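A.B. asks: Pasting a structure here, questions to come.
The values are calculated or read from the model by the stated rules, or taken from the named source; none is laboratory data. Being a predicted model, the structure only gives us computed values, none of them experimental. Backbone-built Cβ (ideal geometry, glycine too); neighbour counts: all protein chains shown. Only protein heavy atoms, including side chains, enter the accessible area calculation; ligands, DNA and RNA are left aside. Shrake-Rupley method; radii C 1.70, N 1.55, O 1.52, S 1.80 Å.
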Amino acid sequence: MPQLVPWEGGLDKTRPSEGGCDSRQGGGGAAHHPGRRQGFRPGSHSSRGCSHPVGSGVPQGRRDRTGGHALSLPACPGWAAACHRFRPCQTMPVEEFVAGWISGALGLVLGHPFDTVKVRLQTQTTYRGIIDCMVKTYRHESLLGFFKGMSFPIASIAVVNSVLFGVYSNTLLALTATSHQERWAQPPSYTQVFIAGCTGGFVQVYCLAPFDLIKVRLQNQTEPRARPGSPPPRYRGPVHCAASICQEEGPRGLFRGAWALTLRDTPTLGIYFVTYEWLCRQSTPDGQNPSSATVLVAGGFAGITSWAVATPLDVIKSRMQMAGPKHRVYRGVLDCMARSAQQEGLGVFFRGLTINSARAFPVNAVTFLSYEYLLRWWG
Ligand SMILES: C[N+](C)(C)CCCC[C@H](N)C(=O)O
């Protein structure tokens, strides 16, 4: 495995003037990462991009991490030809997508058992606390119980992650009017990062909403799997769940709770990116880029901070998602908030906070680190 070394500031800044291509450079267009500056380079070689002038026609091979040409892929494929004239090649969008998918999926698998306990604590009143919920889930449903509803989020994380990072990056580009290269030298203000994060959060909600609804419905099924004689669960799986919701509630039913999700995610994803950016800048000397340890810690705390702020609306969102047309208990977000507080006290808004925070650190540390790492590795 390549060794992760601290990001090195200023590397490759000469490439644009060479007119050549460095597909590893820059934030990768749509899915440019907030914390990505220059380096985070696997290995220690310093020249992997092509150094041939534009139009020289010299076939290029992508070098491996030891500096050799391990892959004989053209460094600047046809689709990227247009970028030659004005700027170096950006990271291939498909790589950004796959990196977003894998990093999101890694974080997701790690965090899903915590998520199941959280959703159950938030929507059911039969558990006395985290440990009680874990013990009952394990006894009743075995380890599999903790992984209910996981296949759909894994599939959705590809779309959700690339939409989130893509919209974030492009909003930042529109706000700062600086190219990715210039952005390293002139970092965006925290206000700009916040606005871009909120915009990314707002847009990704509409990809996330149906997947999240199905996840919550499946996680709330407490029937043990395949016991002979036991009643079958209401939903047999994600596809059956989606089909049943469409049938019983109409296609709009798939967006149940979407408004609460929008209120939850829009400001808190702004906070997420600002926290990550702030922590990286605080622990990194001027002119250098954050180390992998800094990325891990900043990613972890960005997750905890944003989830801490998001928890009250997360409770409301989960409750609204669980209400079907036959059991429509709430008239809207405010009604759900008022009735939950009346019946269960203000503490209801913090239900799941501990487990959310415990989950958030590893999930987001792994997500940020693997995302950065994969892009550099493939670059
Ligand atoms: C904005 N909000 C706090 C809701 C989520 C922010 C972190 C998202 C991450 N994929 C995770 O699952 O932890």
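A.B. asks: Relative to 2.2 N^0.38 Å, what does the C-alpha radius of gyration of the stretch 273-332 come to as a ratio? Two decimals please.
C.D. replies: Rg over 2.2 N^0.38 Å, computed on Cα atoms: 1.77.
A.B. asks: For the stretch 105-146, what is the Kirkwood hydrodynamic radius in Å, using each pair of distinct C-alpha atoms?
C.D. replies: Kirkwood hydrodynamic radius for the stretch 105-146: 10.5 Å.
A.B. asks: Give me the Kirkwood hydrodynamic radius of the stretch 120-210, using the inverse of the mean 1/r over all pairs of distinct Cα atoms, in Å to one decimal.
C.D. replies: 16.2
A.B. asks: Multiply the residue gap between Arg331 and Ala155 by 0.36 nm, knock off their C-alpha separation, and tell me the result in nm, one decimal place.
C.D. replies: Full-extension gain reported as 60.3 nm.
A.B. asks: Turning to a different aspect of this structure: Does anything in the stretch 301-322 have its amide N under 18 Å from the 7 Å Cα→Cβ label point of Gln343, and if so which residues?
C.D. replies: Within reach of a label on Gln343, which here means backbone N under 18 Å from a point 7 Å along Cα→Cβ, the stretch 301-322 contributes 312-322.
A.B. asks: Quick one: with all protein chains in place, what share of the accessible area of the stretch 292-368 is carbon or sulfur, to the nearest percent (1.4 Å probe)?
C.D. replies: 67
A.B. asks: From the C-alpha coordinates alone, can you work out the Kirkwood hydrodynamic radius of the stretch 207-310, in Å?
C.D. replies: This gives a value of 16.8 Å.
A.B. asks: ³J(HN,Hα) across the stretch 296-305 via Karplus (A = 6.51, B = -1.76, C = 1.60, θ = phi - 60°), whole Hz, x for Gly/Pro?
C.D. replies: 4, 5, 5, x, x, 6, 4, x, 4, 4
A.B. asks: Output ³J(HN,Hα) for the stretch 163-176: one whole-Hz value per residue in order, computed from phi by the Karplus curve 6.51 cos²θ - 1.76 cosθ + 1.60 with θ = phi - 60°, and x for Gly and Pro.
C.D. replies: Residue by residue, the stretch 163-176 yields 5, 4, 5, x, 5, 4, 5, 5, 5, 4, 5, 5, 6, 9 Hz.
A.B. asks: With each label point set 7 Å from Cα along the Cα-Cβ vector, what nm distance links Arg252 and Leu143?
C.D. replies: Taking the simple label geometry, Arg252 and Leu143 are separated by 4.4 nm.
A.B. asks: While we're on this one: From the gyration tensor of the Cα coordinates in the stretch 265-379, what semi-axes in whole Å does the equivalent ellipsoid have, largest first, with each one equal to sqrt(5λ)?
C.D. replies: So the three semi-axes of the stretch 265-379 are 36, 14, 11 Å.
A.B. asks: Still on this model: With every protein chain left in place, what is the accessible area per residue of the stretch 108-173 in square angstrom, probe 1.4 Å?
C.D. replies: Accessible area per residue, the stretch 108-173: 42 Å².
A.B. asks: Between Arg236 and residues 5 or more places away or on another chain, which pairs have amide H atoms under 5 Å apart, with H built 1.01 Å from N, and which residues are they?
C.D. replies: Placed amide hydrogens put Cys241 under 5 Å from Arg236.
A.B. asks: How much length would be gained if the chain were fully extended between His240 and Gln282, taking 0.36 nm per residue of separation minus their Cα-Cα distance, in nm to one decimal?
C.D. replies: Separation in residues times 0.36 nm, less the Cα-Cα distance, equals 10.3 nm.
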